[in-house]
1. Output the number of the condition that residue 103 fails; it satisfies all remaining conditions of (1) part of a helix (DSSP H, G or I); (2) more than 18 Å from the chain's Cα centre (by Cα); (3) surrounded by 15 or more Cβ atoms within 10 Å (Cβ to Cβ).
2. Out of 53, 16, report the one residue that is β-branched (Val, Ile, Thr) and under 30 Å from residue 110 (Cβ atoms).
3. For region 8-30, how many residues are at pLDDT 95 or above and out of contact with any Leu (no Cβ under 7 Å at 6 or more places or on another chain)?
4. Condition check: touching a residue at least 24 places away in the same chain (Cβ under 8 Å) and either more than 14 Å from residue 22 (Cα to Cα) or not acidic (Asp, Glu) (or both). Does residue 161 satisfy that?
5. Given (1) within 22 Å of residue 160 (Cα to Cα); (2) surrounded by 17 or more Cβ atoms within 10 Å (Cβ to Cβ), identify the lone condition not met by residue 33.
6. Condition check: in contact with a strand residue (DSSP E or B) (Cβ under 6 Å, 6 or more places away or on another chain) and not polar (S, T, N, Q). Does residue 115 satisfy that?
7. Given the options 3, 38, 113, 53, name the one that is buried (at least 17 other Cβ atoms within 10 Å of the Cβ) and either free of Cβ contacts under 8 Å to residues at least 24 places away in the same chain or in contact with a Leu (Cβ under 6 Å, 6 or more places away or on another chain) (or both).
8. Quick one: count up the residues across region 116-155 that are surrounded by fewer than 18 Cβ atoms within 10 Å (Cβ to Cβ) and assigned to a loop (DSSP other than H, G, I, E, B).
Amino acid sequence: MAVSLYDISIGSYLQVVDACRNVLKKGAGSGLDLTEVVDARLRPDMFPFRFQVVSVWHHSLGAIKGIEAGVFSPPPALGELDYRALQGLLDEAADGLRQYPRADIEALEGRPVKFKMGDFEIPFSAEDFILTFSLPNLYFHATTAYDILRMLGAPLGKLDFLGQMRVRT
């Protein structure tokens, strides 16, 4: 059986987004100062936790919307979101992704999409955009958000990051 566009996009996005939702839920219940968490960074030259979570939202639901539009750009400025608002973005991503019928996603196969940042552009097919740009970015930002919470003391483990795997039944 071939792997479908729906499986590599919606299936993978939901696994990561739902896992990230759980990671943030555990972080919220761990006694951490959530105001400090949103500004925390692994290193001074890295973006803060807030940006990592916004990027998970953007490289999941935003990626599908970008494929539909034919263009994907860096995330919009959303302001200084607090922890609860970040949780809301992940809820929005999960809910939005679950609304896409399989047939609608499969119909995007082969569609051209370009990453555009100012005058800089990278042309992709929908499949290559997902596999070589969107998913690597999604994993990077989800991992960084997890790492920041873990560094601050949230009781997280690898299974929290992995989320619900698609297993053979």
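1. The number of the failed condition is (3).
2. Details: 53 fails: under 30 Å from residue 110 (Cβ atoms).
Result of the check over 53, 16: 16.
3. The number of residues fulfilling the criteria is 6.
4. Numbers: touching a residue at least 24 places away in the same chain (Cβ under 8 Å): yes; either more than 14 Å from residue 22 (Cα to Cα) or not acidic (Asp, Glu) (or both): yes.
In short, yes.
5. Checking residue 33 against (1) within 22 Å of residue 160 (Cα to Cα); (2) surrounded by 17 or more Cβ atoms within 10 Å (Cβ to Cβ), the one that fails is (2).
6. Values: in contact with a strand residue (DSSP E or B) (Cβ under 6 Å, 6 or more places away or on another chain): yes; not polar (S, T, N, Q): yes.
Yes.
7. Details: 3 fails: buried (at least 17 other Cβ atoms within 10 Å of the Cβ); 38 fails: either free of Cβ contacts under 8 Å to residues at least 24 places away in the same chain or in contact with a Leu (Cβ under 6 Å, 6 or more places away or on another chain) (or both); 113 fails: either free of Cβ contacts under 8 Å to residues at least 24 places away in the same chain or in contact with a Leu (Cβ under 6 Å, 6 or more places away or on another chain) (or both).
Of 3, 38, 113, 53, the one residue that is buried (at least 17 other Cβ atoms within 10 Å of the Cβ) and either free of Cβ contacts under 8 Å to residues at least 24 places away in the same chain or in contact with a Leu (Cβ under 6 Å, 6 or more places away or on another chain) (or both) is 53.
8. Looking only at that region, the number is 4.
The values are calculated or read from the model by the stated rules, or taken from the named source; none is laboratory data. Quick caveat: nothing in here was measured; it's all calculated off a predicted structure. When we count neighbours, we look across all protein chains shown, and the Cβ atoms used for this are built from the backbone with ideal geometry, even at glycine.
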